[in-house]
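See below for the structure under consideration.
Please treat every number below as a calculation from the coordinates, not as lab data. Computed from a predicted model, the values in this text were never measured in an experiment. Note that each Cβ is placed from the backbone with ideal geometry, even for glycine, and that neighbours are counted across all protein chains shown.
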Amino acid sequence: MKEHLRLLLKLKDTEEAETELKRWLWRSSHSRIAAFKELYKKIKRHKNHILNTIRLGMSNARIEATNNKIKLIIRKAYGFRNIQNMLDRVYPVCSNLRVQLPNRKTKLVRSA
């Protein structure tokens, strides 16, 4: 059942995914495994959101990655005296900005 759910989430066709999700929900609701019954309740509650994710092909992976970077910075810099110092550290790491350091010459790389 776990693998069936994993494969279901990779489907591109929304109608097929909805049919498979209904089938999975029925099987999990009749399962004797408590973990699947608990997962059944959660998935049933978020069914529309899951189908929208399949329909739009979007995920929150980038946001989760950025949150993880920020948490890592905060952990490394334990003891910031104020919030502005922390933000000054987060902005360059989480953006595409490339800051040119003073007194550093940039090397030009020529492609052949």
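Once you list every other residue whose beta carbon is under 11 Å from the beta carbon of Ala17, what net charge do they have if Lys and Arg are +1 and Asp and Glu are -1?
Surrounding charge for Ala17 is +1.
Using a Debye calculation, one point per C-alpha and no hydration shell, please list log10 I(q)/I(0) for the chain at q = 0.10, 0.18, 0.22 Å⁻¹ in order.
-0.59, -0.92, -1.15
Could you tell me how many cubic angstrom of Cα convex hull volume the stretch 2-56 has per residue?
Hull volume over Cα atoms, normalised by residue count, gives 62 Å³.
Considering only Cα-Cα distances, which of the following residue pairs are longer than 18 Å: Lys2/Lys42; Lys42/Lys71; Lys2/Lys22; Lys22/Lys44; Lys2/Lys37; Lys10/Lys69?
Lys42/Lys71; Lys10/Lys69
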